[in-house]
1. Return only the number of the condition from (1) on the phi > 0 side of the Ramachandran plot; (2) part of a helix (DSSP H, G or I) that Asn95 does not satisfy.
2. I need the full set of residues from the range 1-37 which are closer than 21 Å to Val98 by Cα and in a loop (DSSP other than H, G, I, E, B), in order please.
3. Looking at the range 126-161, which of its residues are at pLDDT below 95 and among the β-branched types (Val, Ile, Thr)?
4. Hey, can you tell me all the residues within the range 57-82 that are buried (at least 17 other Cβ atoms within 10 Å of the Cβ), among the β-branched types (Val, Ile, Thr) and over 12 Å from the mean Cα position of the chain (by Cα)?
5. Report whether or not Leu74 is in contact with a Leu (Cβ under 6 Å, 6 or more places away or on another chain) and part of a helix (DSSP H, G or I).
Amino acid sequence: MGTRRDARERAVQFLFQCDLNPPEDLETALREFWETQPFGSRDSEPAAKDPAAPGDSPAPTVKEAALRLFAEELIRGTLAERDALDRQIERLARNWAVNRMAVMDRNILRLSMHEMQRRRDVPAVVSINEAVEIAKRYSTDDSGKFVNGILDNFRKSLDRPAAPPSA
């Protein structure tokens, strides 16, 4: 699995957790979340040690540091824009209130819509594809289609191309 896919999955997991149990302190919640995350093999080059990390933990690899950085950018951005994202979701999901949607689905939608709006380095079609794959993996049988439909309609409202022009 690619680093960005893994980062998106972890970001959605954190957002899911926050949705059901809002943290009093985001920084503490993030630190505790990362302390519980498995990272697989440690054969990559170590990154600089996080001064906030416990003293006996091994330094994260370059890949782990990149994953965490990308995931936290998505988490922080999505949480900061949550109310506005929810209004957009409700506008696009006719006859569906955000609070009635599956918790995983609404957090996948929030994250992907934030990414499409703010991460111009990621083509909109990539954000949609990633969201659909995450929905298929972590949510209901119909979630992939549901997420795809809402995000495709959202993409049409953006003032940017769905994908970069081919060379």
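The values are calculated or read from the model by the stated rules, or taken from the named source; none is laboratory data. Fair warning: this is a prediction, and the values are worked out from it, not measured in the lab. With ideal geometry, Cβ positions are generated from the backbone for all residues, glycine too; neighbour counts draw on all protein chains shown.
1. Exception for Asn95: condition (2).
2. The answer is Asn21, Pro22, Pro23.
3. Listed by number, the list holds a single entry, Thr140.
4. Hit for the range 57-82 is Thr61, nothing else.
5. Against the criterion (in contact with a Leu (Cβ under 6 Å, 6 or more places away or on another chain) and part of a helix (DSSP H, G or I)), Leu74 qualifies.
This table checks each residue for (1) of a type in the set (S, T, N, Q); (2) closer than 19 Å to Ile75 by Cα; (3) in contact (Cβ under 8 Å) with a residue 24 or more places away in the chain; (4) surrounded by fewer than 18 Cβ atoms within 10 Å (Cβ to Cβ).
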| residue | (1), (2), (3), (4) |
| --- | --- |
| Ala97 | no, no, no, yes |
| Met104 | no, yes, yes, no |
| Leu109 | no, yes, yes, no |
| Met116 | no, yes, yes, no |
| Ser127 | yes, yes, yes, no |
| Val132 | no, yes, no, no |
| Asp142 | no, no, no, yes |
| Asn148 | yes, no, no, yes |
| Asn153 | yes, no, yes, yes |
